[in-house]
Every structure is written in structure tokens, then in C-alpha cells.
1. When Thr99 is evaluated against the numbered criteria (1) within 24 Å of the chain's Cα centre (by Cα); (2) exposed (fewer than 12 other Cβ atoms within 10 Å of the Cβ); (3) outside the structural domain of Leu184 (by TED's automatic domain parsing), which criterion, by number, is the only one it fails?
2. Scan the stretch 77-94 and tell me whether some residue there is of a type in the set (Ser, Thr, Tyr) and within 25 Å of the chain's Cα centre (by Cα).
3. Looking at (1) in a helix (DSSP H, G or I); (2) surrounded by 13 or more Cβ atoms within 10 Å (Cβ to Cβ); (3) of a type in the set (A, V, I, L, M), find the lone condition where Val57 falls short.
4. Kindly list the number of the only condition in (1) surrounded by fewer than 14 Cβ atoms within 10 Å (Cβ to Cβ); (2) within 17 Å of Lys91 (Cα to Cα) that fails for Thr196.
5. How many residues are of a type in the set (Asp, Glu), over 27 Å from Ser108 (Cβ atoms) and in a loop (DSSP other than H, G, I, E, B) if we restrict to the stretch 138-185?
6. Please go through the stretch 39-64 and pick out each residue that is on the phi < 0 side of the Ramachandran plot and either touching a helix residue (DSSP H, G or I) at 6+ places or on another chain (Cβ under 9 Å) or not assigned by TED's automatic domain parsing to the domain that holds Leu13 (or both).
7. Are any of the residues in the stretch 148-159 of a type in the set (Phe, Trp, Tyr), modelled with pLDDT of 95 or more, closer than 21 Å to Leu204 by Cβ and surrounded by 14 or more Cβ atoms within 10 Å (Cβ to Cβ)?
8. When the stretch 115-152 is examined, which residues are found to be touching a residue at least 24 places away in the same chain (Cβ under 8 Å), among the hydrophobic types (A, V, I, L, M, F, W, C) and over 24 Å from Asp209 (Cβ atoms)?
Amino acid sequence: KKRITAFLFILVLVTFSVLNIIQSFGPIQKTLASADYHYSEAKELIHELDDDINEHVFEKFGFVEAYGYMQSLMWKNEENNFEVVKDMEGKLHYTYFATGPTDTKDLSDRVAALGAHLDPNTKLTYVMTPDKYVRGYTQFPEGIPYNYNNETADGFLANLKQDGIDTVDLREGLLESGIPAKDLFFTTDHHWKIKTAFWAFGQLVKHLDG
């Protein structure tokens with residue numbers, strides 16, 4: 001059985017190696033044809049060949065989709081040791097294990113020191129951007145760690161207000177913005193969508209005008 005398993009493993013390995021060579025042969029040939037075969041350019045050439053091979057893996061996206069499907073079959077809602085997790089709506093979040101909010105007093109003191117060095121006619125305003133974990137909407141499955149980002153932001157803003165620093169908290173009113181909560185952020189990364197950024201721009205203008 002061990003020999004059969006080893007033989008099948010080697011057979012699959014060789015088969016995929018040949019298929020990968022066929023898949024990436026054209027790009028590799030183009031890179032070699034346009035390469036400057038000088039010693040100083042050797043590192044760059046190796047880097048380009050490596051990119052050619054990695055970008056032209058046989059059925060690359062098929063393997064990615066298959067991996068994602070296997071993860072869903074196992075009801076797995078995390079990746080890379082809980083660095084990236086999936087909420088109940090299927091959106092991805094960066095997170096980490098935490099026991100409570102992070103102390104931000106040192107950071108707020110630095111912002112206050114910056115304000116103290118500004119011209120008296122210059123107003124300092126700190127803008128707090130929304131977190132993808134929208135308070136009152138986002139939910140994590142059981143067992144997924146929460147990083148207390150919102151609570152940390154609350155403490156930071158409270159410290160700034162104590163120091164007399166003007167703040168704009170764009171987390172407030174986010175759910176009343178008229179944008180469906182599911183459309184505030186992209187599904188697979190932490191960036192907000194264009195319409196969310198435009199709403200935030202409007203909130204900032206209103207604050208500055210007021």
C-alpha cells in the first residue's frame with residue numbers, strides 16, 4: 001500500500017509539473033528572449049521567471065475555488081490562524097485575539113502635542129473612519145475573536161475630547177446614511193465602497209461648515 005501511495009503521489013506530482021511547464025512555457029520563452037544576459041541583471045531575470053511560473057500555474061483559479069469550497073464544507077470561518085475571519089454575512093475581516101480595548105493614551109497625547117504646536121488660527125480636527133465591524137449590525141459566528149476596535153476608538157476619541165481636540169466620528173450615523181449596511185464595505189477586503197466614502201466626505205464638509 002505504501003508503494004502504491006508513493007507511486008501515485010509521484011505520478012500526480014510529475015503530471016502537474018509537466019502541465020505547469022506547458023502552461024508557463026510561452027511566458028518563460030518571451031522573458032528569456034527579451035532578457036539582458038548580464039551578471040548584474042541575473043537577479044531581476046530570476047525574479048521575472050519566478051513571476052511567470054507563479055502567474056501561470058495550471059488551473060490556478062480552479063485550485064483557489066476548490067480550496068474555498070473545502071473551507072466552506074468544513075464550516076471554517078477563519079484563515080491564517082484567525083488573522084482573517086468571516087462574519088455571519090460572509091464578509092471578511094482582519095482581527096486578532098484581545099481581552100479588551102487597547103490603551104491609546106500615548107497616541108492621544110501625541111495628537112494633543114501636535115495641536116499645541118499649531119498656529120492659533122489653525123484648527124485641528126481628527127477624523128475617525130468607520131470600522132468594517134459596524135456596531136449594531138455586524139455579527140461573528142461563535143468562536144471568532146473580536147479585537148475591540150470600536151471600543152479602542154471610543155477611548156481614543158474620549159481622550160482627544162478631554163484634551164480639547166475637535167473630532168469627527170464617522171461611525172456615528174453610518175447605519176442611517178441611506179446606504180444598505182451590506183453595501184458599506186467590500187466583501188473581501190477592509191475598504192469602504194465609493195458611495196460610503198462620498199457619504200463620509202459629505203459628513204466632514206457639514207462638520208467643517210458648522
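1. All conditions pass for Thr99, except number (3).
2. So the first thing to find is which residues in the stretch 77-94 are of a type in the set (Ser, Thr, Tyr), and the list is 94.
Subsequent filtering for residues that are within 25 Å of the chain's Cα centre (by Cα) retains 94.
The answer is yes; a qualifying residue exists.
3. (1)
4. So the condition that Thr196 fails would be (1).
5. 2
6. Filtering the stretch 39-64 down to residues on the phi < 0 side of the Ramachandran plot leaves 39-58, 60-64.
Those that are on the phi < 0 side of the Ramachandran plot and either touching a helix residue (DSSP H, G or I) at 6+ places or on another chain (Cβ under 9 Å) or not assigned by TED's automatic domain parsing to the domain that holds Leu13 (or both): Leu45, Glu48, Leu49, Asp51, Asp52, Ile53, Asn54, Glu55, His56, Val57, Phe58, Lys60.
7. Yes, because at least one residue in the stretch 148-159 is of a type in the set (Phe, Trp, Tyr), modelled with pLDDT of 95 or more, closer than 21 Å to Leu204 by Cβ and surrounded by 14 or more Cβ atoms within 10 Å (Cβ to Cβ).
8. Val134, Phe140, Ile144
The values are calculated or read from the model by the stated rules, or taken from the named source; none is laboratory data. These numbers come from a predicted model, not from an experiment. Here the Cβ is made from the backbone with ideal geometry for all residues, glycine too, and neighbour counts use every protein chain on show.
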